[in-house]
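Inspection log for the structure reproduced underneath, given as structure tokens.
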Amino acid sequence: MDSAIEIGSERPAEANEVQQPAVGAAEGGLRVTASAVQRIRAILAKEGIPLAEGGLRLGVKGGGCSGLSYAMAFDATPRERDNIFEFDGVRVFIDPKSFVYLKGLTLDYEETLMRQGFNFINPNSTRSCGCGSSFSV
């Protein structure tokens, strides 16, 4: 199995698709689905990063076809000014500048025969590119 992580963006729900419930919505509007929490936990374990100390870092950077791209990494510790959210023992770190664009975001993870990766469902996004890795607000 390939260990690469695909970073996608909004994906329209199929009419017959069952939406996965979020593990919880953190105060401030971030949501993470149960499948995303499970995958994050597995990657942190594989990277040797303890849940109590590290977590997933989400961010936004300039670039891509639509102007902004999602950034994702695994960090051993949060930074001083990070917004820190916890979902079923898994922590998510977002820097203050990125949080402006990610507030209200739902992070999902899907694993199907056709696709495997994280999906960013961002209510702030007004447009995304065809490849699904960049957006604009």
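The values are calculated or read from the model by the stated rules, or taken from the named source; none is laboratory data. Predicted model, so just to flag it, every value in this text is computed and none were measured. Here Cβ is always computed from backbone atoms with ideal geometry, including for glycine, and neighbour counts include all displayed protein chains.
Annotations
- Checked against the criterion of being out of contact with any strand residue (DSSP E or B) (no Cβ under 7 Å at 6 or more places or on another chain), of a type in the set (S, T, N, Q) and in contact (Cβ under 8 Å) with a residue 24 or more places away in the chain, region 31-46 contains one or more residues that satisfy it.
- Residues of region 100-120 classified as surrounded by fewer than 20 Cβ atoms within 10 Å (Cβ to Cβ) and in contact with an Asp or Glu (Cβ under 9 Å, 6 or more places away or on another chain), total: 3
- Between Ala52, Ala36, Ala13, Ala42, the distinction of being modelled with pLDDT of 50 or more and part of a loop (DSSP other than H, G, I, E, B) belongs to Ala52 only.
- Hey, Gly63 more than 16 Å from the chain's Cα centre (by Cα), modelled with pLDDT of 95 or more, exposed (fewer than 13 other Cβ atoms within 10 Å of the Cβ) and not acidic (Asp, Glu) or not: no
- Just one of (1) modelled with pLDDT of 95 or more; (2) aliphatic (A, V, I, L, M); (3) surrounded by 12 or more Cβ atoms within 10 Å (Cβ to Cβ) fails for Ala71. It is (1).
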